[in-house]
């Protein structure tokens, strides 16, 4: 075991902003027994949600650990949370916009629900220049996790969905919340409306489409969270062809596209024919460190039609106007700054820094002889621990070397035996984490 | 008719930030006929939505008008959009926070989904000091319109709801989106799950609870948008008693509470027994001019229980963690500044300025002998035009004196014969609007 010498420079990474947990809820529940109860039934969809939300559960365990070892220097390689300060140019742009809100010339009230035209246009021109997405097809929002729920509202509970396994749990959970059954086991599969498409090293992290049933909606995240695999052009061509043949809609999550270092596609719209079968959600969170500032977008092409010929973009526009009221105008000013040449250069430099971290983690695990995936086109490193329960490995690493990770099974049954390590963190933390991992596993 | 002399000082109010309209969608629809269609059915709930969203329709007509009269000085007394610059102290606080995001000490990634603890606590202590709401019962969000949809998701499509008539259309529309039937006429009332509670001068803008059927959920907005009526303490006591007797949950929208000038309650939690039957949504939008900054909150008391005894707050916490990712941290810094003594003083001063506008409009309409409501505890003035169709009066005022209003029927059948006039606007615009209204109606 290594010693935990004080390391003040690590403080930036230590339980930076622990996500608030309603830890005392069950205690509160007991207290109120016997008091007035309404006659309103609990939403059956909420009852169906399995356990707590993954990252909330991790926060809970993190807090427990901090209580148990108040002096340990905890390092978080868990939640994919950006840690490096914003480039000055981008922060200054937001500061100037915020300050100007105190002047008659600079004040703005409600903006367009879909986002300011200049930003919609800049997103289209920066990320989709070669694939001809129009500014009017870009909806600026407060982030892709929120957009996923809005897309679930758009589509309703009547559609079937397929998700990668493993994958980001919000696709499944938000689908359950809007009324779908989320479990394989539900009523002897009769009501199974969520299909899990296994993505593992055996199939190069791409589902076997020959055995995949048709689904109305295919959620597809690339580079994938958690495996870090960026789908190849050939894989995405197969996916688009599969969707076209089946009349499916792909909801493509490209939140990590800016971390792609090889020639894998950065947008589903690089694939011919995708405009008629795909929606893309994306974000400034990981691209520019806006996890707390909150800014994302969704592209809905005009050509995407429901079976009755009605354009999906019209209904999404209605959802955005009725259920949302636009992203914060200050965040939008920051987004616009990110898309200038100065902003893009600064954002790219940050991404490279995180990817150097990823390489260090990959090198560490490789040198330890572990089975290593990801880390080349994404800030996530995906490590296999054959035959082991992923929550057990999570607990062992936390208990012995005070590092927070994410257990793979939290991303679906296909994540069992794996852990996800995030490359976010300042350099000293990554180096220290590498040392501790070497002590534990060598 | 009055003349429209150039009035450069009005420019601040002229189509300030027209909400983007997908005006060309139907044209685009025609273009794409014959192309690939998916086999995904359009969500039947989206099909059920009546017409467009009210404020989107008004924006559409506003744009048409501007095209027709490019030189007219349009004044908007339509959308309730704040127009006065933010107090310098509040804007500076946000600017400082944004600038500090470029430093290692000031950078923040993901915050707690429920909002930063300091802000939750400040909201509890500022707005709910005497009614003992805890910080942990306050969920900080991007605004009350968004929270209304999150509450619909929380409750699901299986509950019945009642709404005031007239009222803010998002309660009904978001309920339809999550799967409820929204129309009286649906399938010969068999599927009627939304009940409209008439609120008119005849019943002092409070529903006749003797003839109101039990509903699981009662949406209640006070001060009401659009009528401007602030429910009295006695009325709210009746409402809470009605909810307790029926086992209903009240969703109380207090977004305009800071405009109450008399001793009407500013929160439903001022009423004894409300903590076991009510949720409150509220906002910094109208309180502090944050319509574009985006910040609101929802209070879910621990004592509020479903029929099976499960606490509602646990499920709402799950919704917030799964479908939302926290309000922008810069906006939260602004919210915290609003709740200091300096911020509160500045916000109150802005509110008084808008309420002076409201009084000017009330005086104008009163002098014209019209039937005038509201404007005393809310920034909305509600005028009756007996026997007339409200869209017709809307069009006449727009066509003849170039003022945008909101037709009452957009808020429900009980709004027919009425128009809503917003008191937001700079003083010169309000004076000019008063002059034009006098020319038209005297």
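Here are B:92, B:59, B:45, B:102: which of them is within 30 Å of residue A:53 (Cα to Cα) and at pLDDT 55 or above?
On the way: B:92 fails: within 30 Å of residue A:53 (Cα to Cα); B:59 fails: within 30 Å of residue A:53 (Cα to Cα); B:102 fails: within 30 Å of residue A:53 (Cα to Cα).
Residue meeting the stated conditions: B:45.
How about segment A:194-285: which strands (runs of 3 or more DSSP E) wholly inside it have at least 1 residues that are surrounded by fewer than 19 Cβ atoms within 10 Å (Cβ to Cβ) and assigned by TED's automatic domain parsing to the domain that holds residue A:307? Output list reads A:194-198.
Results for (1) within 30 Å of residue A:167 (Cα to Cα); (2) in contact (Cβ under 8 Å) with a residue 60 or more places away in the chain; (3) within 14 Å of chain B (Cβ to nearest Cβ), shown as yes or no for each residue.
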site	(1), (2), (3)
A:60	yes, no, yes
A:72	no, yes, no
A:80	yes, yes, yes
A:119	yes, yes, yes
A:134	yes, yes, yes
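Checked against (1) assigned to a loop (DSSP other than H, G, I, E, B); (2) within 21 Å of residue A:342 (Cα to Cα), residue A:72 passes all but condition (2).
Restricting attention to segment B:231-252, the residues that are within 14 Å of another protein chain (Cβ to nearest Cβ) and within 20 Å of the chain's Cα centre (by Cα) total 3. Scanning segment B:326-340 turns up no residue that is without any contact (Cβ under 8 Å) to a residue 24 or more places away in the chain and closer than 29 Å to residue B:433 by Cβ.
If the condition is being under 14 Å from residue A:348 (Cβ atoms) and more than 11 Å from the chain's Cα centre (by Cα), then segment A:253-293 contributes A:257, A:258, A:259, A:260, A:261, A:266, A:284, A:287, A:288, A:289.
Determine, yes or no, whether residue A:412 is buried (at least 18 other Cβ atoms within 10 Å of the Cβ), at positive phi and in contact with a helix residue (DSSP H, G or I) (Cβ under 9 Å, 6 or more places away or on another chain). Yes: the conditions hold for residue A:412.
Of the residues making up segment B:291-312, those that are touching a helix residue (DSSP H, G or I) at 6+ places or on another chain (Cβ under 8 Å), in contact (Cβ under 8 Å) with a residue 60 or more places away in the chain and either at the interface with another protein chain (Cβ under 7 Å from one of its Cβ atoms) or part of a loop (DSSP other than H, G, I, E, B) (or both) number 8.
Whenever a residue of segment A:85-100 is more than 7 Å from chain B (Cβ to nearest Cβ), its partners that are in a loop (DSSP other than H, G, I, E, B) and surrounded by fewer than 22 Cβ atoms within 10 Å (Cβ to Cβ), lying with C-beta atoms within less than 7 angstrom and at least six residues away or across chains, give the pairs A:100/A:106. Of B:99, B:64, all but one fail to be touching a helix residue (DSSP H, G or I) at 6+ places or on another chain (Cβ under 8 Å), farther than 18 Å from residue A:108 by Cα and surrounded by fewer than 22 Cβ atoms within 10 Å (Cβ to Cβ); the exception is B:99.
Conditions (1) closer than 26 Å to residue A:238 by Cα; (2) touching a strand residue (DSSP E or B) at 6+ places or on another chain (Cβ under 9 Å), marked per residue:
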site	(1), (2)
A:262	yes, no
A:268	yes, yes
A:273	yes, no
A:278	yes, yes
A:290	no, yes
A:296	no, yes
A:304	yes, yes
A:324	no, yes
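Only a single item in (1) farther than 21 Å from residue B:140 by Cβ; (2) in contact with a helix residue (DSSP H, G or I) (Cβ under 7 Å, 6 or more places away or on another chain); (3) away from chain A (no Cβ under 14 Å) is not met by residue B:352, and it is number (2).
Considering segment B:313-346 alone, what residues qualify as being in a loop (DSSP other than H, G, I, E, B), in contact with a helix residue (DSSP H, G or I) (Cβ under 7 Å, 6 or more places away or on another chain) and more than 8 Å from chain A (Cβ to nearest Cβ)? Reasoning before the result, please.
Within segment B:313-346, the subset in a loop (DSSP other than H, G, I, E, B) is B:324-328, B:339-340.
Narrowing the set further to residues that are in contact with a helix residue (DSSP H, G or I) (Cβ under 7 Å, 6 or more places away or on another chain) leaves B:324-325, B:328, B:339.
Across segment B:313-346, the qualifying residue is only B:339.
Residues of segment A:368-397 that are assigned to a helix (DSSP H, G or I) and under 25 Å from residue A:172 (Cβ atoms): A:390, A:391, A:392, A:393, A:394, A:395. Scanning segment B:151-193 for residues that are at pLDDT below 95, farther than 30 Å from residue B:311 by Cβ and not in a loop (DSSP other than H, G, I, E, B) gives B:186, B:187, B:188, B:189. Residues in segment B:395-426 that are more than 20 Å from the chain's Cα centre (by Cα) and modelled with pLDDT of 95 or more: B:395, B:396, B:397, B:398, B:399, B:400, B:401, B:402, B:403, B:417. Of the residues making up segment A:11-29, not a single one is assigned to a helix (DSSP H, G or I), modelled with pLDDT of 50 or more, at the interface with another protein chain (Cβ under 7 Å from one of its Cβ atoms) and within 18 Å of residue B:321 (Cβ to Cβ).
The values are calculated or read from the model by the stated rules, or taken from the named source; none is laboratory data. Nothing here was measured: the structure is a model prediction, and the numbers come from that model. Ideal geometry is used to build each Cβ from the backbone, glycine not excepted, and the neighbour counts take in all protein chains shown.
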